[in-house]
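See structure below.
The values are calculated or read from the model by the stated rules, or taken from the named source; none is laboratory data. Treat the numbers as computed from the prediction; the structure is a model and nothing was measured. When we count neighbours, we look across all protein chains shown, and the Cβ atoms used for this are built from the backbone with ideal geometry, even at glycine.
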Amino acid sequence: MATIDDFRRLALSLDGAEESSHMGSPDFRVGGRIFATLAHQAQGYGNLMLTPEVQAPFVAEAPETFVPVAGGWGRNGATHIRLAAADEETLAGALRTAWKLRVEKNAQAGRRRRPGR
């Protein structure tokens, strides 16, 4: 069973990760962009910013642990991780996946902004 403290510790262990706040809730960023939040910690969830393509196998393989966020956010890949159902290895892997997706997206955005490309 993972905890909020585990979520925070593991998120901050990722290269370049920083804790910030969005709408009064803790979030975790790399390159200034969010990859995970604790917006639903009172309900026992951490949130991961995945893509729909990455979210689908997480939910299919462990529906007791991973749940799409309600509405459009969930359809776009935002995913709850039920901390009580996650062990540390699962949590670490999920956070690493969200972090990696954000790092890749940041790199793509940087390439698009460079003059002459």
Given the residues THR51, THR37, which is the only one that is under 21 Å from MET1 (Cα atoms) and of a type in the set (Ser, Thr, Tyr)?
-> THR37
When you scan region 26-72, how many residues do you find that are among the polar types (S, T, N, Q) and buried (at least 18 other Cβ atoms within 10 Å of the Cβ)?
-> 4
Residues of region 40-58 classified as at pLDDT below 95 and under 16 Å from LEU12 (Cα atoms), total | 0
Which ranges mark the strands (runs of 3 or more DSSP E) fully within region 1-99 that have 2 or more residues being within 22 Å of ALA109 (Cα to Cα)?
-> 18-22, 25-30, 33-37, 45-49
